[in-house]
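Bear in mind that the values in this text are calculations on the coordinates, not laboratory data. Just so it is clear, the model here is predicted, and its values are computed rather than measured. Virtual Cβ from ideal backbone geometry, glycine too; neighbours counted across all protein chains shown.
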Amino acid sequence: MPTRGLTPDTLLRIELSATMSKNRYTDDPAPVIDQLLALAGSRDDILAAEVGLWIGFYEDDYTRTLTTALRALPLDLAPGIALGQDRRHLPTHTTTGFNGPHGTGLA
């Protein structure tokens with residue numbers, strides 16, 4: 001395991017997620033699926049986790065074509081989808097109040 005930088009598994013997760021995100025509005029998911037399968041190689045575990053997470057977080061009417069095709073993959077997506085749905089409903093991170101009680105930077 002490297003002592004600096006990102007691990008190969010983390011880099012793969014990022015690349016898979018980025019591939020789905022940049023193609024989220026596609027009308028032709030077949031090339032996207034092919035690219036995901038090629039990227040993942042034998043790492044079906046990472047592919048299933050990332051695809052499920054992405055579906056759970058991003059699935060809506062605008063991404064339906066891609067998410068429907070992703071759901072058809074022969075992978076156990078349920079845990080990732082549940083995690084993605086949970087994360088979608090978490091409050092967003094903010095820095096409100098970070099610089100003092102009124103967020104002004106003045107204490």
Would you mind listing how long the stretch 8-88 runs along its three principal axes, going by Cα atoms, in whole Å with the largest first?
-> 32, 28, 21
Total charge dipole magnitude, the chain, about the Cα centre, Cβ charges on Lys, Arg, Asp, Glu only, Debye to nearest 20 | 360
Mean residue ellipticity (222 nm) of the chain, computed from DSSP H runs ≥ 4 via -39,500 (n - 2.57), nearest 500 | -17500 deg cm²/dmol
Within the chain, what is the longest stretch that has no chymotrypsin sites (Phe, Trp or Tyr not before Pro) placed in a DSSP loop and near at most 11 other beta-carbon atoms within 10 Å?
-> 26-61
Work out, step by step, the length gained on full extension between Leu39 and Thr94: first 0.36 nm times the residue separation, then minus their alpha carbon distance; give nm to one decimal.
-> 16.4 nm
Order the peptides 41-47, 88-94, 63-69 from the highest to the lowest mean number of other Cβ atoms within 10 Å of their residues.
-> 63-69, 41-47, 88-94
